[in-house]
1. Output the number of residues of segment 373-417 satisfying the condition of being within 26 Å of the chain's Cα centre (by Cα), part of a loop (DSSP other than H, G, I, E, B) and surrounded by fewer than 19 Cβ atoms within 10 Å (Cβ to Cβ).
2. Working only within segment 204-251, note down all residues that are part of a strand (DSSP E or B), among the polar types (S, T, N, Q) and in contact (Cβ under 8 Å) with a residue 24 or more places away in the chain.
3. From the list I337, I298, which one is closer than 26 Å to S56 by Cβ, touching a residue at least 40 places away in the same chain (Cβ under 8 Å) and touching a Pro at 6+ places or on another chain (Cβ under 6 Å)?
4. Restricting segment 21-47 to residues that are polar (S, T, N, Q) and not in a strand (DSSP E or B), which is surrounded by the most Cβ atoms within 10 Å (Cβ to Cβ)?
5. Do you know which residues across segment 254-266 are closer than 29 Å to T414 by Cβ and either without any contact (Cβ under 8 Å) to a residue 60 or more places away in the chain or of a type outside the set (D, E) (or both)?
6. Using the structure shown, decide if V83 is assigned to a strand (DSSP E or B), within 16 Å of the ligand (Cβ to nearest atom) and among the hydrophobic types (A, V, I, L, M, F, W, C).
7. Tell me yes or no: at least one residue of segment 174-196 is in a strand (DSSP E or B), within 16 Å of the ligand (Cβ to nearest atom) and free of Cβ contacts under 8 Å to residues at least 60 places away in the same chain.
8. Restricted to segment 456-492, and to residues that are surrounded by fewer than 19 Cβ atoms within 10 Å (Cβ to Cβ) and among the hydroxyl-bearing types (S, T, Y), which residue is nearest to the chain's Cα centre (by Cα)?
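Every number in this text was worked out from the coordinates using simple rules, so none of it is lab data. In this text the structure is predicted, and so the values were computed from the model without any measurement. Quick reminder, even Gly has a Cβ in these numbers, built from the backbone with ideal geometry, and neighbours come from all protein chains shown.
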Amino acid sequence: EETAPNVRPILHYTAKNTWLNDPNGLVWHQGVYHLFYQNNPFDNVWGNMSWGHATSTDLLHWTEHPVAIACDEEEDVFSGSIVVDDGNTSGFGTVENPALVALYTSAFKEGSAHQGTQAQSLAFSTDAGMTWSKYAGNPVLGRGSAHFRDPKVFRHEGPAGSCWVMVAVEAQSQQVVLYRSANLKDWEYLSTFGPANATGGEWECPDLFPLPVDGDPDNVKWVMVVNINPGALAGGSGGQYFVGDFDGVQFTADFDSLVPADADGTTDLRNCLWLDWGRDYYAAVSFSNAPENRRIMIGWMNNWDYANSLPTSPWRSAMSLAREVELATVEGLVRLIQRPALPLDCGEPTRTIKNMEVHNSLVRLPDAVPGSAQLIDAEILPGTARTVAFRLLGASSGSAATVLSFDAITSRLTLDRRNSGNTAFHDKFPSAESAPVELDDGVLRLRVIVDQCSVEVFAQDGRVVLSDLVFPLSGSLGTDVCVEGGTAIVRKLAVTALS
Ligand code: FRU
């Protein structure tokens, strides 16, 4: 196996010596962000699924803790969520010291009492998330289904009072099922959403949350997040979303969130709403209880197409940067906007450019600094140019690089890792993904975070996001911007090393 131990990201969370997948139980409690996650405590491939645990106060510096909820003879502990049980509805804590309650999927093992099924179970913590006990009455909700999983629970204030609402999936039926409860133990069926839009794989890790549109508290819409694997636009795993309304019982997607099937019964995936147009943003869900009503999401930066083969050790897989999401009106439609939720403006740029005309030529930018992540903020008017392209993590020989290019003719932004370095570890890894981008008064706005083995691109103030893993050859630090076919104006550009 090829290893690249030097590509462990600086800003992105990785487990020290082990495997991780989905973020689980994202919750903010008493000033601390908790990131639990699907973890194999014994290896760096998927298996022995348990909840790993890390904490942070700024979403940037993470501390790894011992495994929080472990698999046992009976069950693997699959994905789920955590709520702060403020009213002590579960009886696991007290009103003065509310319990954190985890809702996770018991994937029952061969030979266990519930073998062959997946059902929802509880665990609780009365020491602010540091140690956990499984509830003796588990599981609390089953459907006799082998594919019922990934519960995301939130408190809902409806006209008839408040209750807990769960969204979970019937993965193979491409359905989100909704339930409600007063005490987190007894659940009542509410409704089903789906199949809808992308249905070419299992539906996993759903989420449902309200957000004001354009910051207007009197215009609140609901966002239903549905991760899908395989069957995402970019191939393999990805996250789609729907904008609509939730009345306490049923989620109804807006007409303009739904993509009608073509005459031959297929859905044009390009018209579905995607959280990310790249290959490596999956199982994304939001924090419970985040301060100031912020809605912050983290995804797993990987894709089941090749997840177990990434050329790293002893760790394997990283989380995405935390993203703050908002709803905004874009060309008359309500759409999700995503921005890094962490403080990135913390270093002095190593290079800034203002109002530079670039005619058919290449501008060298500072190399990526070993041991640092690289932040590139740019405002570029492509003008008469045909393409404006950043070459990132370029090999000194010039032979390899990750290319982020804007094509003025198609108005598409493409992230191309086909020649990014080590792509041979899996035949599904080499890829180029592109997204349509509308310029704002002729301006292309990019915020790019390059962090050892990943490139995340936030374009047009977060209207389009593209995230890809890359495994550059050692010493590949070169960075430049190249204008072809005319003259572009680099209105602003700043390159910063973040360590
Ligand atoms: C998504 C997923 C979930 C499941 C977990 C198991 O990546 O397949 O549906 O709960 O991973 O690790």
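1. So the answer is 1.
2. N227, N229, Q240
3. Residue meeting the stated conditions: I298.
4. Looking only at segment 21-47, we keep the residues that are polar (S, T, N, Q), and these are 21, 24, 30, 38-40, 44.
Of the ones still in play, those that are also not in a strand (DSSP E or B) are 30, 44.
Details: Q30: 8, N44: 19.
Across segment 21-47, the extreme among qualifying residues is N44.
5. Those that are closer than 29 Å to T414 by Cβ and either without any contact (Cβ under 8 Å) to a residue 60 or more places away in the chain or of a type outside the set (D, E) (or both): S257, L258, V259, P260, A261, D262, D264, T266.
6. no
7. yes
8. S474
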